[in-house]
Amino acid sequence: VFNATPLCDVCQTLDLLSTNNNRESTKYPLGSWDDVNRKAKANPPCPFCILLIPLLGDYGIGRSDLTIEWKKKGGFFYSTEGDNLAFLNEETASSPYGSARAVQETIDPAMIKKWIKICEVHHGEPCTPKCGVVRASEGGVGVKVLRVIDTIDQCIVEAALGDRYLALSYVWGDVVPSIRLLKSNVAELGTEGALRVLKDKLPKTVQDAIDLVRLIGERYLWVDSLCLIQDHDDDMLDGIAHMDIIYQCAVFTIIAGHGVDANAGLPGLHPESREVCQQIVEVLPGVQMTATTGVYNDMSAGTHTTRGWTLQELVLSHRAIIFTENRIYFRCRTNCMSEDTIYDNFPSAINEVLHSGTGINFLANTEPRPLVAYVSQLFRYTDRKLAKQSDTIHAITGILRFLSVHARSGTIEGLFTSSIDIYTTDEPGRREGFPSGSWAGWECIRDGYGGFCEDSEAANVWLQNQTYIVWYKRTPTSAELALVWDLDSELKYGKPDAQHIGYRANLTDPYGRRQTNPSLEGLQTKPNTSDIRREKIIRREMEKRQYHFLHFFAFTVLMQGFGNPSKSSDWEMMYPILGSEGQECGKIQFCNPKVMENSKGPHELILLSTMDKYDGFFNDSIALERPFYWVMLITSVGEEEVVTEKRGIGILFQDCMEHVLPPGKIWKEIVLA
C-alpha cells in the first residue's frame with residue numbers, strides 16, 4: 001500500500017473524497033502524458049498519477065490532451081472499458097460500481113460457494129445447466145457413459161442420473177499426462193483410492209481442480225484425459241461428438257486461464273501458488289484506490305484464449321470459475337463477479353466491465369440466429385492453435401452440434417447441410433486433410449455471405465430464388481453418392497420455422513428452389529456413377545484424402561486471367577478478373593495468392609449463385625451496386641483431371657458474360673475435393 005502524499009493540482013479537481021457515492025458521469029482533463037508521468041515520479045509523487053500511469057499505458061504515451069472519465073458502470077476509465085480505477089471501500093460502499101476490495105494470497109472457498117449460490121438463486125433459466133448428459137435410450141441425445149473423478153473416493157466412476165459434476169477446461173501444452181484413462185487401466189483407476197496413490201503423477205492443474213471440487217463441497221469432476229478412454233476410438237469420438245452437452249450440463253466449468261501447459265495449476269487456490277499483484281494507493285487520508293481488470297482482458301494474457309479446444313469449453317458453459325495469473329473470476333451468462341470487486345455483495349447489480357474490445361460471448365440456450373453465431377464462432381476459432389491439425393473439426397464439434405440443432409441442420413465437414421450455398425471466404429494457407437470447399441481446409445476465414453444473414457426472410461428468399469446447384473456428396477471409404485439435403489433431412493433434423501435459414505425441401509426439389517430460369521430446364525443434375533473408370537479415379541482420390549467430396553453439376557466459364565490487386569494486405573487483396581480482351585469483369589480473393597499469382601490462364605470459374613445484395617462481403621474492399629454471380633475458382637488435381645479443388649471465391653458481374661472465353665457458359669460435372 002502506498003500511503004497518501006498530496007494530490008497534484010489537477011487530481012485535486014477529481015473530488016476523490018466523494019469516492020463512488022452518487023457521482024455523475026464526468027470527464028476530467030489531465031493535461032499531457034509528460035505532465036502525468038512527471039508528477040507520478042516527483043518527490044513526493046502525486047498518488048493518483050501513480051495509478052494513472054499503468055491505466056494510460058501505451059495509449060497515453062506522447063499525448064498532450066489526456067482525459068479520464070468517471071462512468072457510472074464502474075469507476076474511472078481511459079480509452080477502453082476493460083480496465084478501470086476504483087475505490088477500496090467494501091465496508092462502506094453503497095454500490096458495487098466503482099468499488100473494489102483487496103485480494104488475498106489465497107481465495108476463500110466460501111467466496112466461490114457464494115458466487116454459485118447467487119447465480120443459482122437469482123439468475124434463473126439462462127444460467128441453469130442442462131440435464132440429460134447421459135443418453136437415456138438408443139438413438140437419444142447424450143454420451144453413452146459419463147465417467148467422472150470421484151474426488152472423495154479418489155477414483156474414476158460412472159456418474160449416476162442426476163449427479164452434479166464440474167468440468168475442467170485447460171491446455172495440455174507440451175505436457176502429455178503420464179496418467180491417462182486407457183483400455184488397460186480402466187479397472188485400476190476405478191478402484192477406490194487409485195488417484196490418491198497416483199496424485200503426484202497427475203498434471204498440477206488436474207490436481208488443483210480435484211482439490212477445488214472438494215474445497216467447495218462438490219464431489220465429481222470431469223477431465224478429458226481421465227474420463228474419456230484415450231486409446232478407444234469409439235469412446236473418444238462419442239465424447240468429442242457430445243462435448244457441448246458435457247459442458248452445458250456441468251454445474252460450472254473450471255477455466256485454467258493461466259500458464260502454457262497442464263502443470264500451470266490454479267493460482268490462488270493454495271498458499272504460495274501466486275504472488276498477489278494489486279497496486280493499492282492511498283490517494284487521500286483514509287481513501288484507498290486500486291485498478292481492476294475485466295475478465296476477458298485478464299484472460300487474454302494466458303494461452304487458454306489461443307487454443308482451439310478451449311473455445312467451446314467456455315462458450316458452451318453456463319457458469320465458469322476462471323483462474324488467471326493474478327485473479328479469480330466467476331463468469332456466468334448473467335453476471336461476472338471476482339475477488340477484487342464487490343458485486344457479490346449486491347446480487348442484483350450487473351458487472352459490465354468485462355473487456356476492452358470484443359468479449360467472448362456465451363452461446364444462448366435458444367440461439368436466435370445460429371448461422372450468424374456459427375460464422376462469429378468460426379472467426380474466433382480458426383486462428384487458434386491446435387497440437388494436431390487433424391483435430392480442426394473435432395475441436396469445435398461441440399459448437400457445431402449445438403448450433404446445427406438450433407439451425408435444424410446437419411453438418412458435413414464443418415458446413416451446415418441446410419444452407420451449403422451460403423459460403424464463407426478464406427484466408428491464405430491450405431490445411432491438408434480437409435476439403436478445399438470447407439473453412440476447415442484453410443487457415444482462417446472471412447464473412448462471405450454467411451456473416452450477413454441476420455435477416456432470415458431475405459436469406460431464405462435468396463436460397464429459394466438465386467441458387468440452383470443440386471448438391472451431392474461422396475462419402476469417405478465407400479464413395480457412396482447421396483444428396484446433401486432432401487426431405488429425409490427435414491424429418492431427421494426438424495422442419496424449419498420462419499426464423500430458420502435453410503432449404504425447404506419438397507417432392508419435386510430437395511432444395512425447394514423456385515426456378516424461373518429456362519436455361520436450367522432438362523439439364524442433368526444427378527451425377528452418373530456408371531462410368532467405371534471415372535468412378536475408380538474418384539475412389540482413389542478419396543482414399544488419399546479420407547473426407548467427403550462434393551459432386552454436382554453447375555455452369556462454369558473460362559476467364560483470361562487476373563489483374564493486380566489495389567491493396568497490399570492479404571485481408572484486402574481482391575484481384576480483378578479479366579475477360580477475353582482484358583476487361584475487368586469482377587473480383588476474386590485467392591485462397592493462396594502465392595500459388596495463383598503466376599499461374600497461367602485460362603482459369604475456370606463455377607457460377608455458384610446470383611446476388612443482388614450489396615454488402616461489404618470482402619471487408620469493404622469492394623463497393624458496388626451491380627448484379628453479380630458468386631463464383632468459385634477451381635483447378636484440377638490428381639489423375640486425369642477428374643477431381644478439382646477450390647482456389648478462390650469472388651464475384652463475376654452478370655453483365656460481363658460476353659467477355660468470357662469460348663465456349664462460353666457451359667453445364668459441367670464437378671467433383672470438388
Worksheet, complete the sentence: Of SER317, SER338, SER356, the only residue that is surrounded by fewer than 19 Cβ atoms within 10 Å (Cβ to Cβ) and touching a strand residue (DSSP E or B) at 6+ places or on another chain (Cβ under 9 Å) is SER356
Worksheet entry | Options THR525, THR516, THR508: the member that is touching a strand residue (DSSP E or B) at 6+ places or on another chain (Cβ under 7 Å), in a loop (DSSP other than H, G, I, E, B), of a type in the set (Ser, Thr, Tyr) and in the same structural domain as TRP485 (by TED's automatic domain parsing) | THR525
Worksheet, complete the sentence: Checking THR26, THR19, THR13 in turn, the sole residue that is under 19 Å from GLY286 (Cα atoms), touching a Phe, Trp or Tyr at 6+ places or on another chain (Cβ under 9 Å) and free of Cβ contacts under 8 Å to residues at least 60 places away in the same chain turns out to be THR13
Item to complete: Would you point out the residue of the range 528-543, among those that are out of contact with any strand residue (DSSP E or B) (no Cβ under 9 Å at 6 or more places or on another chain) and of a type outside the set (Lys, Arg), that is nearest to SER478 (Cα to Cα)?
Response: GLU543
Practice prompt. For ALA102, state whether it is within 18 Å of ALA349 (Cβ to Cβ) and either of a type in the set (Gly, Ala, Ser) or modelled with pLDDT under 95 (or both).
Written response: no
Item to complete: Report whether or not LEU202 is modelled with pLDDT of 95 or more, surrounded by 15 or more Cβ atoms within 10 Å (Cβ to Cβ) and in contact with a strand residue (DSSP E or B) (Cβ under 6 Å, 6 or more places away or on another chain).
Response: no
Item to complete: Could you tell me which residue of the range 187-213 is nearest to LEU386 (Cα to Cα), considering only residues that are among the hydrophobic types (A, V, I, L, M, F, W, C) and under 33 Å from the mean Cα position of the chain (by Cα)?
Response: VAL206
Worksheet, complete the sentence: Condition set at pLDDT 95 or above and farther than 25 Å from LEU483 by Cβ, scope the range 397-432, selection surrounded by the most Cβ atoms within 10 Å (Cβ to Cβ): answer is GLY398
Worksheet item: How about the range 24-38: which of its residues are out of contact with any Ser or Thr (no Cβ under 9 Å at 6 or more places or on another chain) and either buried (at least 17 other Cβ atoms within 10 Å of the Cβ) or among the aliphatic types (A, V, I, L, M) (or both)?
Response: VAL36
Practice prompt. Can you run down the residue pairs with Cβ atoms below 7 Å, 6 or more apart or on separate chains, where the first is in the range 587-600 and assigned by TED's automatic domain parsing to the domain that holds TYR575 and under 13 Å from PRO565 (Cα atoms) and the partner is assigned to a strand (DSSP E or B) and of a type in the set (S, T, N, Q)?
Written response: GLN589/THR425
Fill in: Residue that is surrounded by the most Cβ atoms within 10 Å (Cβ to Cβ), among those in the range 471-514 that are within 18 Å of ILE670 (Cα to Cα) and touching a Gly at 6+ places or on another chain (Cβ under 9 Å)
TRP485
Fill in: Residue tally, condition within 23 Å of ILE254 (Cβ to Cβ) and among the β-branched types (Val, Ile, Thr), over the range 160-196
4
Practice prompt. Mind telling me which of the residues PHE553, PHE549, PHE562 ends up being surrounded by 17 or more Cβ atoms within 10 Å (Cβ to Cβ), of a type in the set (Phe, Trp, Tyr) and either closer than 19 Å to GLY414 by Cα or not assigned by TED's automatic domain parsing to the domain that holds PHE434 (or both)?
Written response: PHE549
Item to complete: Answer yes if at least one residue in the range 233-240 is touching a Ser or Thr at 6+ places or on another chain (Cβ under 9 Å), of a type in the set (D, E, K, R), surrounded by fewer than 24 Cβ atoms within 10 Å (Cβ to Cβ) and assigned by TED's automatic domain parsing to the domain that holds VAL186, and no otherwise.
Response: no
Discussion item. Could you tell me how many of the residues in the range 209-221 are touching a residue at least 60 places away in the same chain (Cβ under 8 Å), touching a strand residue (DSSP E or B) at 6+ places or on another chain (Cβ under 8 Å) and not basic (Lys, Arg)?
Written reply: 6
Worksheet item: Within the bounds of the range 638-658, is there any residue that is of a type in the set (Asp, Glu), part of a loop (DSSP other than H, G, I, E, B) and at pLDDT below 95?
Response: no
Fill in: Answer residue from the range 589-609, given it is of a type outside the set (Gly, Ala, Ser) and at pLDDT 90 or above and is surrounded by the most Cβ atoms within 10 Å (Cβ to Cβ) among those
LEU605
Discussion item. Contact list please: Cβ distance under 7 Å, first residue in the range 51-74 and at positive phi, second residue of a type in the set (Phe, Trp, Tyr) and buried (at least 19 other Cβ atoms within 10 Å of the Cβ), pairs at least six apart or on different chains.
Written reply: GLY62/TRP33; GLY74/TYR97
Worksheet item: Restricting the search to the range 319-357, which residues are part of a loop (DSSP other than H, G, I, E, B) and closer than 17 Å to PRO129 by Cα?
Response: ARG333, THR334, ASN335
Discussion item. Restricting to the range 610-635, give me the number of residues that are among the polar types (S, T, N, Q) and modelled with pLDDT of 95 or more.
Written reply: 1
Fill in: Criterion: over 17 Å from CYS127 (Cα atoms), touching a residue at least 40 places away in the same chain (Cβ under 8 Å) and out of contact with any Lys or Arg (no Cβ under 9 Å at 6 or more places or on another chain) - qualifying residue of ILE280, ILE246, ILE342, ILE254
ILE280
Worksheet item: Could we say that GLY74 is closer than 25 Å to PHE252 by Cβ and touching a His at 6+ places or on another chain (Cβ under 7 Å) here?
Response: no
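The values are calculated or read from the model by the stated rules, or taken from the named source; none is laboratory data. From a predicted model like this one, the values you see are computed outputs, not experimental measurements. In this analysis, Cβ positions are derived from the backbone assuming ideal geometry, glycine residues included, and neighbour counts consider all displayed protein chains.
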